[in-house]
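A.B. asks: This is the structure, below, for whatever I ask next.
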Amino acid sequence: MTEPQPILQLKQVSQEYGSGERRFLAVDNVELTLKEGEYVALLGPSGCGKSTLLRIIAGLQSATRGEVLYRGEHLRGVNPYTTIVFQTFALFPWLTVLENVNLALQAKGIPLENRAVEAIDRVGLDGFESAYPRELSGGMRQKVGFARAIVSEPELLCLDEPFSALDVLSAESLRRDLLELWNEGLIPTKAILMVSHNIEEAVFMADRIVVMDKNPGRIVADLTIPLAHPRQRKSTEFQALVDQVYATMAGQTQPEHLEVGTAPGEPGLTRSLPTVVINDLAGLLEALLHEPEFQADIYRLASDLQLNSDQLLSLVEAAELLGFATVKEGDIVLTPLGETFAEASILARKEIFATRIRRLPIFKWIMALLRAADQQRLGWDVILAALGLEFPPQEAERQLDLIVDWGRYAELLVYDDDTAILQLEAPQPA
Ligand code: ADP
Ligand code: MG
């Protein structure tokens with residue numbers, strides 16, 4: 001077998017922005033090689049230079065230093081072999097789906113023929129050629145975005161957080177559509193580079209995950225994801241890889257089960273959730289963004305934020321439990337994951353938060369309980385009774401309040417205050 005050929009090589013690529021005193025190093029000495037057949041995900045906190053790298057690769061800007069080789073040749077000007085799909089694809093509202101897709105061909109001087117119709121068909125929008133963007137859902141509009149990107153048959157497809165502006169269900173179905181196009185060879189694309197802030201998404205889709213950190217933007221880890229497709233999110237192998245990536249991003253060295261305890265009803269200590277309102281947690285993480293080195297003395301922070309020390313300690317405990325911060329010598333320090341969360345949009349925060357709490361034993365337990373229940377619903381009292389086997393009465397109630405609060409924020413759970421019924425947000429196969 002011949003070795004897969006490198007499609008793209010970045011050699012010691014650095015990018016500075018600004019001038020004079022404002023000059024700063026946004027990307028420092030990045031080395032990256034993409035080979036034929038690879039699907040690579042780029043993960044890292046916002047501001048670490050992910051979009052900058054995509055623009056350099058697409059030839060939309062040239063790096064301050066370093067070399068970009070495309071199939072061994074120095075890249076000059078716009079890279080004709082790649083296109084970028086953005087988070088929200090700017091469609092022209094006065095043009096139909098077909099006209100929007102054709103525009104990508106016209107821009108590249110490619111004859112129109114039937115390619116746009118085929119691309120629209122491939123993304124599953126057959127029959128919507130003459131619809132206008134306003135008539136489409138968010139997910140369908142992003143499909144037009146994909147059609148517009150694949151119609152010129154790029155060898156290298158770059159994706160900049162392409163699913164993060166979509167609701168959970170549309171995002172998931174679009175992910176599966178893209179994987180099908182890629183894995184079944186239905187598009188002539190030779191490699192995919194996808195920027196993501198979502199670790200499960202990266203493990204679900206990519207063969208390799210490149211982790212970046214910032215100040216300055218650089219690559220800190222390069223992990224292989226050796227799972228066959230289709231991947232099972234709930235499988236042990238999948239979860240172990242998600243853990244590994246989280247540990248890399250959170251800078252953790254301890255196995256997570258030591259920190260998070262066991263589920264109710266299992267041997268071992270059930271770790272309770274700290275009493276924390278998610279908005280306060282977000283406030284704490286945001287405050288840390290403004291501290292030098294993202295680090296602050298815990299007690300000084302308490303007085304700055306006008307919190308009493310109990311409140312602050314609960315917040316710190318929650319931040320540690322979720323991998324957003326670590327504590328050392330009386331200081332709290334943001335992890336790269338915590339930075340990512342603090343800087344993310346509300347939707348992205350919910351996603352990150354959901355992936356974090358889904359891994360806590362007490363949430364695994366409640367999710368499993370609901371999945372197994374009749375119609376996947378349970379009354380407050382029933383759950384409270386179950387928690388009562390583990391916790392003293394007042395504490396059981398407090399824990400259930402927290403489960404509902406956190407689960408609602410993460411859009412994993414729905415609770416109806418009138419009927420006192422808790423259920424899963426998205427119905428799951430039993
Ligand atoms: P990411 O996509 O990982 O969030 P970006 O590549 O957008 O990161 O940005 C990296 C850093 O460079 C950030 O600090 C950002 O503010 C800065 N930056 C990006 N583009 C420009 C620009 N055109 N001019 C000045 N600074 C920029
Ligand atoms: Mg970006």
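Taken together, the values in this text are just the output of simple stated rules run on the coordinates, not laboratory data. Source: prediction; values computed, not measured. Every residue, glycine among them, receives a Cβ derived from its backbone with ideal geometry; neighbour counts consider all protein chains shown.
A.B. asks: Based on the Cβ-Cβ distance from K11 to L112, what FRET efficiency comes out when R0 is 25 Å, to the nearest 0.05? Display every interim value, and only then the final one.
C.D. replies: On the way: r = 38 Å, r/R0 = 1.52.
Taking R0 as 25 Å, the efficiency between K11 and L112 is 0.10.
A.B. asks: For A240, put the label point 7 Å out on the Cα→Cβ axis and report which residues of region 197-227 keep their amide N under 16 Å from it.
C.D. replies: 224-227
A.B. asks: Quick check on region 44-89: take the gyration tensor over C-alpha atoms, sort the square-rooted eigenvalues as a ≥ b ≥ c, and tell me if it's rounded (a/c under 1.5), prolate or oblate.
C.D. replies: Values: a/c = 2.39, a/b = 1.37, b/c = 1.75.
It comes out oblate by the Cα gyration axes.
A.B. asks: Can you give me the long-range amide H partners of D222? Hydrogens built in the peptide plane at 1.01 Å from N, cutoff under 5 Å, separation of 5 or more residues or another chain.
C.D. replies: So D222 has HN proximity to V211.
A.B. asks: Then there's this: Quick one: Kirkwood hydrodynamic radius for region 78-132, alpha-carbon pairs, angstrom, one decimal?
C.D. replies: Details: mean 1/r = 0.0828 Å⁻¹.
When all Cα pairs of region 78-132 are included, the Kirkwood radius is 12.1 Å.
A.B. asks: Can you find, among T236, Q5, L413, the residue farthest towards the positive end of the dipole of the chain? Put +1 on the C-beta of Lys and Arg, -1 on that of Asp and Glu.
C.D. replies: Projecting each Cα onto the dipole axis, the largest value belongs to Q5.
A.B. asks: Let me ask something else. Step by step: find N for region 317-422, compute 2.2 N^0.38 Å, then divide the Cα radius of gyration by it. What's the final number? Before the final figure, lay out the partial values.
C.D. replies: Numbers: Rg = 15.5 Å, N = 106, 2.2 N^0.38 = 12.9 Å.
For region 317-422, the normalised Cα radius of gyration is 1.20.
A.B. asks: State to the nearest 20 debye the size of the charge dipole of the chain about its Cα centre, where the only charges are +1 on K and R beta carbons and -1 on D and E beta carbons. Each step should come with its number before you reach the end.
C.D. replies: Working: 38 positive and 61 negative charges, 249 e Å.
With Lys and Arg at +1 and Asp and Glu at -1, about 1200 debye.
A.B. asks: Distance between the C-alpha centers of region 26-75 and region 100-121? Whole Å please.
C.D. replies: Rounded to whole Å, the Cα centres lie 27 Å apart.
A.B. asks: Sticking with this one: For K35, list long-range residues whose amide hydrogen, built 1.01 Å from N in the peptide plane, is under 5 Å from its own amide hydrogen.
C.D. replies: The list, which skips near neighbours in sequence, is I7.
A.B. asks: Further question: Excluding same-chain residues fewer than 8 positions from K35, which aspartates and glutamates have a Cα within less than 15 Å of its Cα?
C.D. replies: Those aspartates and glutamates meeting the cut-off are E3, E73, E155, D207, D222.
A.B. asks: Which is farthest toward the positive dipole end of the chain among T335, Y17, P392, measuring Cα position about the Cα centre, with Cβ charges +1 (Lys, Arg) and -1 (Asp, Glu)?
C.D. replies: The Cα lying farthest towards the positive end belongs to Y17.
A.B. asks: According to the Kirkwood expression over distinct Cα-Cα pairs, how big is the hydrodynamic radius of region 160-213, in Å?
C.D. replies: Working: mean 1/r = 0.0835 Å⁻¹.
The answer is 12.0 Å.
A.B. asks: Using every alpha carbon pair in the chain, what percent of pairs falls into each 10 Å bin from 0 up to the bin containing the largest distance?
C.D. replies: Spelled out per bin, shortest first, that is 4, 19, 27, 25, 16, 7, 1, 0.
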